[in-house]
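Colleague: Structure incoming, see below.
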Amino acid sequence: MRRRGATVLVGGVVLVLLLWQAFFAVSVPYVALGPGPTVNTLGQSDKHDVISVTGAEATKSAGQLRLVTVSVTADLTLFEAVKGWLEHDYAVVPRELIYPPNQTVQQTDAQNAEEFKTSQTSAETAALRELGYPVQVVVKEVKAGTPADGILKVGDVVATVDGTPVTSPASLTSLIRAKPAGTARTFGYTRGGAPATATITPRTDENSPRIGVTVGTNQPHPFTLKIDLDEIGGPSAGLMFTLGIIDKIKPEDLTGGKVIAGTGTIDDDGNVGPIGGIPQKLVAAKRDGAKVFLTPAKNCAEALDNAVPGLPLVKVATLDDALKALEDIRAERPPTLCTR
């Protein structure tokens with residue numbers, strides 16, 4: 001009996017050790033997503049302005065425009081994974097959804113950092129357009145022997161095609177391709193600040209109408225903008241950066257003295273795109289005092305499924321939508337909310 005008792009005791013100890021190792025020592029292939037920090041784009045981070053303006057007087061706002069983030073915890077133990085599954089504010093997802101198996105963690109982090117930089121560039125472009133500084137499409141090269149050779153020159157700013165404004169390199173391409181090759185087109189442009197027009201007939205090259213120029217962009221403005229924020233990745237802060245830039249330059253306070261949170265990508269034309277992590281971002285926004293949440297239109301259904309009491313979900317598909325919503329909030333009118 002003593003030998004049997006000792007065997008049972010040893011077996012129990014081994015079982016406890018194995019369970020301890022399984023629950024607390026061995027990592028499982030999952031990550032936990034939780035409410036991350038939020039940042040006021042009108043304020044400071046690490047004792048410096050998130051958005052700084054040089055060459056113009058930056059205005060002050062009584063409220064806040066907060067971008068929201070998701071925290072990612074990797075290398076979970078089984079205990080931590082189960083705990084995350086049971087907690088309402090967290091989501092436990094397979095590791096490969098966040099860190100693709102064909103990439104290292106460092107490569108994924110680098111990609112997120114690059115997307116974050118791109119979002120800042122698009123935010124600046126969209127904000128400057130709203131502030132009255134349009135994008136200029138500038139000729140960088142004219143290829144010899146092409147339809148534009150001898151007509152357009154390097155440095156010309158292409159303004160219109162058949163009277164339709166050219167707002168980006170993509171829009172110029174679309175306008176040229178809108179009619180068959182061999183159709184004479186009227187191009188409006190400026191050279192040295194002087195407006196001019198010319199007729200150019202595109203010809204087929206690589207199966208599409210082309211005029212033979214390479215273009216770039218310029219967006220002249222009398223001040224310098226800088227976004228300075230580290231340790232955040234991905235493109236989802238684009239909308240809030242855009243609103244922050246506008247609020248810094250415009251004399252009016254876009255916030256109306258309220259704490260406004262939001263998320264969403266933004267492109268150069270001011271279109272707001274969907275993002276991930278909506279459930280956790282809503283919790284973070286409410287935790288940090290937000291009174292309203294600017295929600296990408298394509299995220300509305302998910303946001304409604306994970307709504308946080310006391311945090312209205314305002315639907316935005318474009319920068320104009322967001323600005324209109326903030327105008328309504330300042331005027332104490334009901335903004336357009338997410339609906340099913």
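The values are calculated or read from the model by the stated rules, or taken from the named source; none is laboratory data. Note that this is a predicted model, so its numbers are computed, not measured. FYI the Cβ positions are ideal-geometry reconstructions off the backbone, even for glycines, and counts take in every protein chain you see. SASA here: full protein model, heavy atoms, side chains in, ligands and nucleic acids out. Shrake-Rupley method; radii C 1.70, N 1.55, O 1.52, S 1.80 Å.
Colleague: A307 fails exactly one of the following numbered conditions: (1) open to solvent by 50 Å² or more (accessible area, probe 1.4 Å); (2) part of a helix (DSSP H, G or I). What is the number of that condition?
Modeller: (2)
Colleague: Further question: Considering only the range 47-71, state which residues are within 19 Å of V259 (Cβ to Cβ), touching a strand residue (DSSP E or B) at 6+ places or on another chain (Cβ under 7 Å) and part of a loop (DSSP other than H, G, I, E, B).
Modeller: V50, G63
Colleague: For the range 53-65, name all the residues that are within 13 Å of G244 (Cβ to Cβ) and over 19 Å from the mean Cα position of the chain (by Cα).
Modeller: Within the range 53-65, V53, A58, T59, K60, S61, G63 qualify.
Colleague: Output the residue which, of all residues in the range 66-79 that are of a type outside the set (K, R) and under 21 Å from the mean Cα position of the chain (by Cα), is most open to solvent (accessible area, probe 1.4 Å).
Modeller: The selected residue is V72.
Colleague: Restricting to the range 64-98, what's the tally of residues that are among the aromatic types (F, W, Y) and farther than 15 Å from G277 by Cα?
Modeller: 2
Colleague: So, one more: Given the conditions (1) open to solvent by less than 80 Å² (accessible area, probe 1.4 Å); (2) out of contact with any His (no Cβ under 8 Å at 6 or more places or on another chain); (3) not polar (S, T, N, Q), which single one is not true for K226?
Modeller: The number of the failed condition is (1).
Colleague: If you don't mind, another one. I'd like to check something: does the range 184-205 contain any residue that is surrounded by fewer than 14 Cβ atoms within 10 Å (Cβ to Cβ), closer than 30 Å to A110 by Cα and among the hydroxyl-bearing types (S, T, Y)?
Modeller: Looking through the range 184-205, none of the residues is surrounded by fewer than 14 Cβ atoms within 10 Å (Cβ to Cβ), closer than 30 Å to A110 by Cα and among the hydroxyl-bearing types (S, T, Y).
Colleague: Now for a separate question. If I ask for residues that are surrounded by 13 or more Cβ atoms within 10 Å (Cβ to Cβ) and out of contact with any Ser or Thr (no Cβ under 6 Å at 6 or more places or on another chain), which ones from the range 206-223 would you list?
Modeller: P209, R210, I211, V213, V215, T217, Q219, H221, F223
Colleague: Based on what the data block shows, is L254 open to solvent by less than 30 Å² (accessible area, probe 1.4 Å), under 27 Å from V72 (Cβ atoms) and not hydroxyl-bearing (S, T, Y)?
Modeller: no
Colleague: Considering each residue of the range 277-293, count those that are open to solvent by 50 Å² or more (accessible area, probe 1.4 Å) and either at pLDDT below 95 or assigned to a loop (DSSP other than H, G, I, E, B) (or both), and give that number.
Modeller: 2
Colleague: Let me ask something else. Name the residue, out of A181, A261, that is small (G, A, S), crowded, with 23+ Cβ neighbours inside 10 Å and not in a helix (DSSP H, G or I).
Modeller: Of A181, A261, the one residue that is small (G, A, S), crowded, with 23+ Cβ neighbours inside 10 Å and not in a helix (DSSP H, G or I) is A261.
Colleague: Go through the range 154-168 and give me each residue that's at pLDDT 95 or above, open to solvent by 40 Å² or more (accessible area, probe 1.4 Å) and not in a strand (DSSP E or B).
Modeller: V154, G155, D162, G163
Colleague: If you check A284, A325, which single one turns out to be touching a Ser or Thr at 6+ places or on another chain (Cβ under 6 Å) and among the small types (G, A, S)?
Modeller: Being touching a Ser or Thr at 6+ places or on another chain (Cβ under 6 Å) and among the small types (G, A, S) holds for just one of A284, A325, which is A284.
Colleague: For the range 101-153, which positions are more than 20 Å from the chain's Cα centre (by Cα) and part of a helix (DSSP H, G or I)?
Modeller: V105, Q106
Colleague: All but one of (1) among the β-branched types (V, I, T); (2) open to solvent by less than 20 Å² (accessible area, probe 1.4 Å); (3) at pLDDT below 95 hold for I245; which doesn't?
Modeller: (3)
Colleague: In the range 80-109, which residues are surrounded by 16 or more Cβ atoms within 10 Å (Cβ to Cβ) and either free of Cβ contacts under 8 Å to residues at least 24 places away in the same chain or among the aliphatic types (A, V, I, L, M) (or both)?
Modeller: Selection gives A81, A91, V92, I98.
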